[in-house]
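Scroll down for the structure; my scribbles are underneath it.
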Ligand SMILES: C/C=C/C(=O)SCCNC(=O)CCNC(=O)[C@H](O)C(C)(C)COP(=O)(O)OP(=O)(O)OC[C@H]1O[C@@H](n2cnc3c(N)ncnc32)[C@H](O)[C@@H]1OP(=O)(O)O
């Protein structure tokens with residue numbers, strides 16, 4: 001049904017898989033659209049009680065498709081807004097959403113994991129904001145979600161430095177819900193989903209509605225600024241340099257000018 005999104009339902013648990021392992025599940029506009037459709041579909045399907053979002057292969061997702069970015073002269077407003085809508089779809093969904101973070105969740109992948117209600121990680125899996133590595137300010141509501149969990153000071157640090165946050169530290173910061181034992185990520189995520197299945201899901205749906213309506217009130221205003229900034233930064237010399245450096249597998253050399261100047 002979708003090209004790079006797989007969806008299955010078993011015993012009330014839907015699994016949505018970002019499935020482009022050759023590119024570490026890097027996301028393009030079509031994948032964001034399909035992900036939103038899959039989440040909305042699961043949200044409306046009576047057979048689905050709990051949703052698990054994960055990535056195929058070694059990593060959850062490497063975020064926006066940098067190889068595709070190399071072909072752009074700018075990042076479109078439509079793509080930028082789609083990123084924010086994708087993580088909002090997880091937040092708006094009335095079913096509990098668990099991000100099963102296999103390997104790395106980078107950039108937009110990190111934003112999506114943070115848009116979920118729960119994150120199950122392993123000691124070796126990590127959340128990596130990554131945006132500043134490619135001279136971008138952020139998307140997928142990443143700053144908004146992060147700020148809700150760790151506060152502004154830690155958000156500023158994680159966004160500016162793009163330091164990876166591994167399982168145990170993520171747990172300490174409140175970013176991870178559970179850290180599964182090595183090799184047990186799927187088993188422990190499923191056990192967590194089954195635990196949720198036994199909870200009063202109607203009341204949890206109302207809790208989610210309340211979180212969304214109260215704590216995400218200004219999300220769309222935020223999202224528009226996020227998209228405008230992504231467009232400006234996507235046209236900057238620093239971003240061009242970062243994308244070229246990524247493809248050439250070398251460290252970028254930033255020119256230190258304000259992002260958005262050419
Ligand atoms: C609009 C949205 C914007 C954003 O999200 S901005 C943030 C963009 N994302 C990043 O900056 C993260 C970039 N990727 C990485 O840092 C690493 O990857 C990982 C930590 C995720 C995984 O590392 P490892 O397991 O060592 O894999 P590997 O050798 O780096 O990559 C394997 C193949 O995957 C391709 N790939 C990785 N990330 C992306 C990406 N974001 N877009 C497109 N392709 C990607 C590589 O190039 C390579 O491919 P080949 O084998 O052909 O050389």
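Each reported figure results from applying straightforward, stated rules to the coordinates on display, with no laboratory input. All values reported here derive from a predicted model rather than from experimental measurement. Virtual Cβ from ideal backbone geometry, glycine too; neighbours counted across all protein chains shown.
Quick notes on this structure:
- Pairwise label distance in nanometres, residue 184 with residue 228, each label 7 Å out on the Cα-Cβ vector: 4.9 nm
- For a paramagnetic label modelled on residue 253 (point 7 Å from Cα along Cα→Cβ), amide N atoms under 20 Å away belong, within the stretch 126-163, to 133-136.
- Burial ranking of peptide ranges 84-93, 221-230, 66-75, 107-116 (average Cβ count within 10 Å, highest at the top): 107-116, 84-93, 221-230, 66-75
- Relative contact order, percent, the stretch 111-262 [alpha-carbon distance under 8 Å, six or more residues apart]: 28 percent
- Between residue 44 and residue 72, the modelled labels are 2.8 nm apart [label points 7 Å from Cα along Cα→Cβ].
- When you restrict to C-alpha pairs under 8 Å that are six or more residues apart and normalise by the size of the stretch 69-154, the relative contact order lands at 31 percent.
- DSSP bridge orientation in the stretch 67-197 - percent antiparallel, rounded to nearest 5: 20 percent
- The stretch 5-124 - share of DSSP beta bridges that are antiparallel (%, nearest 5): 30 percent
- Working note: 222 nm ellipticity from helices only, DSSP H runs with n ≥ 4, each -39,500 (n - 2.57), summed and divided by the residues of the chain, gives -14500 deg cm²/dmol to the nearest 500.
- Dividing the mean sequence gap of close Cα pairs (under 8 Å, 6+ apart) by how many residues the chain holds gives a relative contact order of 19 percent.
- Principal-axis tilt of helix 142-161 within the chain, Cα atoms, nearest 10 degrees: 30 degrees
- 0 to 90° range, to nearest 10: angle between helix 237-247 axis and the chain longest Cα axis: 70 degrees
- Of 167, 57, 151, the one that fluctuates the most in a GNM where the chain has Cα springs shorter than 10 Å: 151
- Once Rg and the Kirkwood radius are both taken over the C-alpha atoms of the chain, their ratio Rg/Rh works out to 0.95.
- Judged by the ratio a/c of the largest to the smallest principal axis of the C-alpha gyration tensor, the stretch 50-119 counts as oblate, that ratio being 1.5 or greater while a/b is no larger than b/c.
- Pairwise FRET efficiency - residue 123 versus residue 206, Cβ, R0 = 30 Å, nearest 0.05: 0.30
- Sorting the segments 207-213, 36-42, 117-123, 155-161 by their mean number of nearby beta carbons within 10 angstrom, highest to lowest, gives 117-123, 36-42, 155-161, 207-213.
- Model label points for residue 153 and residue 6, set 7 angstrom from Cα along the Cα-to-Cβ axis, are 4.4 nm apart.
- Antiparallel DSSP beta bridges within the chain, percent to nearest 5: 30 percent
- With respect to the chain, whose longest principal axis is taken over its alpha-carbon atoms, helix 219-234 is tilted by about 40°.
- Kirkwood's formula applied to the C-alpha pairs of the stretch 169-210 gives a hydrodynamic radius of 11.9 angstrom.
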